[in-house]
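No lab work stands behind these numbers, since they all come straight from the coordinates. Remember, predicted model here, so these are calculated numbers, not experimental data. Every residue, glycine among them, receives a Cβ derived from its backbone with ideal geometry; neighbour counts consider all protein chains shown.
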Amino acid sequence: MTCIDSLWLPYTQMATAPAPLPVVGAEGVRIKLADGRELIDGISSWWTMCHGYGHPHIQQAVAAQLDTLPHVMFAGLVHEPALTLARRLATLLPGKLERVFFSESGSVAVEVALKMAVQYWRNRGEQRHRFVAFRNGYHGDTLGALSVTDPGSGFHDALAGYRVPQVFAELPCDNETKAALDALLAEPGIAAAIVEPRVQGAGGMRFHDAATLAAIRTACDRHGVLLIADEIMTGFGRTGTLFASPADAVPDILCLSKALTGGTLPLAATVAADHVFAAFCSERTEDAFMHGPTFMANPLACAAANASLDLFERESRMQQVAAIETQMKLELEPCRTLPGVVDVRVMGAIGVVQLDRPVAASLRPAFAQRGVWVRPFGDIVYLAPPFVIDAADLTTLTTAVCEVVSESAATAPCLISTP
Ligand SMILES: *Cc1c(COP(=O)(O)O)cnc(C)c1O
């Protein structure tokens, strides 16, 4: 399987990239390779696999759903797994986030949120087509989502200038940046601001505090602008709380995906607050929301998501996240004094070692050689392990990070790389 002649891989220069590793299975925190090796997954398959691979409760739920109803279209028809999941999400989410629109990927959940925001204003008789987004933000690879992704991130250099109207602000963490955000929100035609609460993921695993989000919420309220929270990465425990949006910064629209099904199947949700939904309900058919992915609310994916929520209720996931946080703080701390390291930071089950230059892609093979799957990007080496990882396996991961970073002091810089 080493010849991949028909495949086109993501974020990959196919002409020069090293061959990908063939995978034949996975269990718990381990990915099994075709050559018999096993790698401890340090990044939960792009931050999705929170309960580990093949959790029996999710496997059984999906198998049972496969026997009853693997798929049915979602227009004019509805099914119990989707209804149950929507109700459970509405209960778990803060504030009045109660209307759930399903799709099948994070990027589409963001597209839906952007379209919702623009049409919310149009249905209320206002033309607002622009967005305020934040530096170092990442919201997906489709054109709308890419448009609100920081152009400095390297994700859309090839499409420079080709996007929906937006302006970028710094996160408002001091008086100067707060004033700058205020000025942007006051500009005409701003429909919504979009932010990744607490952690900006693919833009470099950068953290900000809850007060910064509260400042964004307050500023949006002052200017009557909607707030969209992209919790696609932060949702379902990753930052130490079930959702990252604090009670004093509840968004008007919230996006979920990645760990929604425990990493088992593709599913995403755009959740609207009551007042957003209300703007779409009228006697006019043209006020309806015109979006409908073919595989919207796929029953198998909804069954997996319901089973994943069961596990958050039944198993001590949030305590596990707290334990991971404590252990990573302790075990990554020694990296701080290594040459080339500019920062070490941990929030929930995210641990980051930031380097003084982009060396990431050249470090990747060194991790597989140590029996771990870690994929540094840009100037960071980071861990985001499955929450079920035990202390010994986590030590294997943190040790690999410390060793590879200390050896990297000697390696040459290379091109910026993506997650
Ligand atoms: C991954 C991610 C997306 C895009 O999700 P896809 O499922 O890859 O389309 C959007 N926003 C954030 C914050 C993400 O981490």
Checking the a/c ratio against 1.5 first, then a/b against b/c, what shape does the Cα gyration tensor give for the range 47-110? oblate
Measure nothing fancy, just the Cα-based angle from helix 106-123's long axis to the longest principal axis of the chain, in degrees from 0 to 90, nearest 10. 20
Charge sum, other residues only, whose C-beta stays under 12 Å from LEU254's C-beta, Lys/Arg counted +1 and Asp/Glu -1: -3
According to the square roots a ≥ b ≥ c of the eigenvalues of the Cα gyration tensor, what is the shape class of the range 131-216, taking rounded for a/c under 1.5, prolate for a/b larger than b/c otherwise, and oblate for the remainder? oblate
Got a sec? How would ASP41, ASP209 order by Cβ neighbour count within 10 Å, fewest to most? ASP209, ASP41
Residues with amide H under 5 Å of LEU171's amide H, sequence separation 5 or more or different chain, H placed in the peptide plane at 1.01 Å from N; which? ARG135
Excluding residues fewer than 8 places away in the same chain, name every one of the lysines whose C-alpha is closer than 23 Å to that of LYS32. LYS258
Would you list MET347, MET14, MET49 from fewest to most Cβ contacts within 10 Å? MET14, MET347, MET49
What is the helix-to-structure angle for 56-68, meaning the angle in degrees between its Cα long axis and the longest Cα principal axis of the chain, kept from 0 to 90 and rounded to the nearest 10? 50
For the range 128-143, take each phi angle, set θ = phi - 60°, evaluate the Karplus expression 6.51 cos²θ - 1.76 cosθ + 1.60, and give the result in whole Hz per residue in order, putting x for glycine and proline. 9, 10, 10, 10, 9, 10, 10, 4, 6, x, 9, 10, x, 9, 6, 4
Pairwise centroid distance, computed over Cα atoms, of the range 130-149 with the range 12-58, Å: 28
Where a Cα-Cα gap under 29 Å defines reach, which lysines qualify for LYS178, not counting those fewer than 8 residues away within the same chain? LYS96, LYS115
Of THR218, SER245, GLY203, which is farthest on the positive side of the dipole of the range 183-258, counting Cα position, with +1 on Lys and Arg Cβ, -1 on Asp and Glu Cβ, and the Cα centre as origin? GLY203
The simple spin-label model distance between GLU27 and ARG336, using points 7 Å out along Cα→Cβ, in nm, is 4.0
Between ILE4 and ALA391, what is 0.36 nm times their sequence separation minus the Cα-Cα distance? Round to one decimal in nm. 135.7 nm
In degrees between 0 and 90, to the nearest 10, how far off the longest principal axis of the chain does helix 210-223 point, with axes built from Cα atoms? 20
Considering the chain as a Gaussian network with a 10 Å cut-off on Cα pairs, which listed residue, SER107, SER308, SER362, attains the greatest mean-square fluctuation? SER362
Expected max-MSF residue from VAL405, VAL24, VAL388 in the GNM of the chain (alpha carbon, under 10 Å) is VAL24
Long-range amide H partners of THR149 with built H, under 5 Å: HIS139
Using the basic label-point model (7 angstrom from Cα toward the beta carbon), what is the GLN59 to LEU143 distance in nanometres? 4.3
Roughly how compact is the chain, stated as its Cα Rg over 2.2 N^0.38 Å to two decimals? 0.98
Over the chain, the sum of -39500 (n - 2.57) across DSSP H runs of at least four, divided by residue number and rounded to 500 deg cm²/dmol, gives at 222 nm -10500 deg cm²/dmol
Within 10 Å, count the other beta carbons around each residue, average over each peptide in 113-120, 275-282, and list them highest first. 113-120, 275-282
How do CYS302, CYS50, CYS402 line up, fewest other C-beta atoms within 10 Å first? CYS402, CYS302, CYS50
Please give me the summed charge of the neighbours of ILE194: other residues whose Cβ is under 14 Å from its Cβ, Lys and Arg +1, Asp and Glu -1. 0
Residue by residue, what Karplus-based ³J(HN,Hα) values in Hz, rounded to whole numbers, does the range 4-11 have, using 6.51, -1.76 and 1.60 with θ = phi - 60° and x for Gly and Pro? 10, 4, 9, 9, 10, 8, x, 6
Among GLU170, GLU231, GLU325, the residue with the largest mean-square fluctuation in a Gaussian network model of the chain built from Cα contacts under 10 Å is GLU170
Which of rounded, prolate or oblate describes the range 2-149 when judged by the alpha-carbon gyration tensor and an a/c cut-off of 1.5? oblate
Tell me the net charge near ARG217. Cut-off is 11 Å between Cβ atoms, ARG217 excluded, with +1 for each Lys or Arg and -1 for each Asp or Glu. -2
What are the ³J(HN,Hα) values, in whole Hz, obtained from phi via the Karplus relation 6.51 cos²θ - 1.76 cosθ + 1.60 with θ = phi - 60°, for each residue of the range 183-188 in sequence order, with x given for Gly and Pro? 5, 5, 5, 7, 5, x
